[in-house]
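The values are calculated or read from the model by the stated rules, or taken from the named source; none is laboratory data. This structure is a prediction, so every number in the text was calculated from the model and none was measured. Because the Cβ atoms are built from the backbone with ideal geometry, glycine has one as well, and the counts that use them run over all protein chains shown.
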């Protein structure tokens with residue numbers, strides 16, 4: 001990804017160079033401040049999402065990763081055998097990112113929200129088209145039987161009867177087709193505009209979710225690498241403690257050392273065993289956290305195929321990183337779109353008290369067989385029928401002349417919401433700069449930490465070797481060996497943490513700036529033959545059985561608990 005135009009001349013050295021004493025130098029006249037344009041002038045009042053600034057997400061897995069496809073979304077294990085881990089699958093960072101983009105359910109849910117926003121936009125666009133309705137009577141067709149009895153007590157005349165009975169039977173159907181087309185609708189354009197902005201927001205939210213997912217996948221993988229290093233350091237510490245304990249017991253049996261040195265070695269061994277236990281637990285949790293993020297099958301646990309190492313160097317300067325974040329971060333576009341949505345909602349609210357004009361066409365049709373009002377003594381002629389059709393065309397005017405000030409109040413509310421989003425834009429802009437600067441300065445700190453902690457590891461390793469030689473020669477005590485071993489363990493832990501923190505800050509800068517300007521490190525040139533190791537330090541670590549908590553407590557010879565005074 002290219003840097004922001006006009007900023008290629010800046011370098012990282014401009015930000016990392018120490019500040020010189022300016023009191024002794026000649027004063028430099030301050031330059032005129034460069035005017036800062038407004039966001040709508042740069043991005044537009046209604047910015048569109050730009051997926052080209054981000055590499056598209058993977059949509060399918062490679063053949064070797066096909067067995068790691070996510071299970072069905074509604075799958076729910078019901079037996080312990082279905083969740084038993086049967087495979088440890090080593091994965092690299094690239095494979096982790098591919099699996100996350102393909103399997104992660106949260107990213108799929110955000111993609112579904114984009115489709116929903118698109119459907120909602122299409123629904124709002126339908127306001128430009130006429131509505132055609134078809135309706136029938138109570139039944140289509142309908143068979144109606146009627147019977148009427150009439151009594152008139154005032155009937156007079158030679159042939160008058162006070163009573164009359166009639167009957168009827170009809171079989172008919174009615175149908176009506178109505179067409180309504182809004183010629184003037186003050187709410188139509190604002191509602192479509194708001195739906196369009198919501199669709200753009202959904203697309204931006206997908207890009208934001210994709211960036212966050214890649215960052216989360218990288219950081220989770222770096223955490224797994226850190227826990228692997230913790231297990232390795234714990235194992236080496238336990239081996240070193242076993243060697244020290246062996247030497248201390250041998251010297252004690254030879255009568256050249258005291259019981260205190262044996263106890264010190266045992267204490268250090270217990271401390272290192274606790275470190276190894278904690279590291280193993282953290283490793284298991286980190287593996288399952290990565291499996292949850294990748295939505296792997298229930299019987300697969302991922303492991304780190306790549307060891308913890310420095311990924312690369314961040315090339316852009318601090319100023320380039322800040323400006324790139326302003327240009328590529330979709331969060332700022334989201335706020336601008338929210339301002340546009342609030343303005344559209346304001347126009348739609350005030351449109352409720354403006355005139356609506358529609359063209360209306362109604363076409364009716366009916367047909368029936370039979371007769372009604374037939375004397376009870378005569379048969380009904382079902383061959384008799386009636387047929388009718390009518391059509392009417394007209395204009396329909398609707399105008400809410402007074403609503404108690406509701407529309408005006410809603411208009412002001414939405415305009416105030418737009419003003420609130422302007423303040424949110426300023427706050428988000430400041431937060432983005434702070435995020436970039438924090439990650440940048442912490443990256444410099446972690447860079448120096450790698451130098452100092454790596455030097456500490458080399459020095460502590462040599463100090464432990466010399467302390468053992470001095471102890472075996474009877475020049476020093478076990479305390480010096482224990483202290484040197486503890487220093488080595490702490491130095492190795494600090495170095496592993498410094499490398500992991502550096503990689504995390506590097507991933508954060510890639511996420512927070514939208515840039516991918518990373519100079520990847522060249523792998524070191526190592527000899528083909530493995531260096532010879534000291535056989536005295538290669539002691540196997542026997543697994544310790546896990547006893548119930550009530551039985552795992554070790555008591556003193558007199559039976560007292562470790563917590564007893």
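Remarks
- Matching entry among 381, 362 (being over 38 Å from the mean Cα position of the chain (by Cα) and in a strand (DSSP E or B)): 362
- The lone criterion from (1) modelled with pLDDT of 85 or more; (2) assigned to a strand (DSSP E or B); (3) surrounded by 14 or more Cβ atoms within 10 Å (Cβ to Cβ) left unmet by residue 127 is number (2).
- Restricting attention to the stretch 251-262, the residues that are out of contact with any helix residue (DSSP H, G or I) (no Cβ under 9 Å at 6 or more places or on another chain) and either within 16 Å of residue 485 (Cβ to Cβ) or in a helix (DSSP H, G or I) (or both) total 2.
- The set of residues in the stretch 73-101 being touching a strand residue (DSSP E or B) at 6+ places or on another chain (Cβ under 7 Å) and either surrounded by 12 or more Cβ atoms within 10 Å (Cβ to Cβ) or closer than 13 Å to residue 306 by Cβ (or both) consists of 85, 87, 89, 90, 91.
- Residues in the stretch 241-250 that are in contact with a helix residue (DSSP H, G or I) (Cβ under 6 Å, 6 or more places away or on another chain) and either outside any helix (DSSP H, G or I) or under 30 Å from residue 90 (Cβ atoms) (or both): 241 alone.
- The criterion of being modelled with pLDDT under 90 and outside any loop (DSSP other than H, G, I, E, B) holds for residue 41.
- Selection within the stretch 211-244 - surrounded by fewer than 22 Cβ atoms within 10 Å (Cβ to Cβ) and closer than 30 Å to residue 337 by Cα: 211, 212, 213, 214, 215, 216
- The residues in the stretch 381-411 that are surrounded by 12 or more Cβ atoms within 10 Å (Cβ to Cβ) and touching a helix residue (DSSP H, G or I) at 6+ places or on another chain (Cβ under 8 Å) can be counted, and the count is 7.
- In the stretch 75-107, the residues that are closer than 28 Å to residue 49 by Cα and free of Cβ contacts under 8 Å to residues at least 24 places away in the same chain: 94
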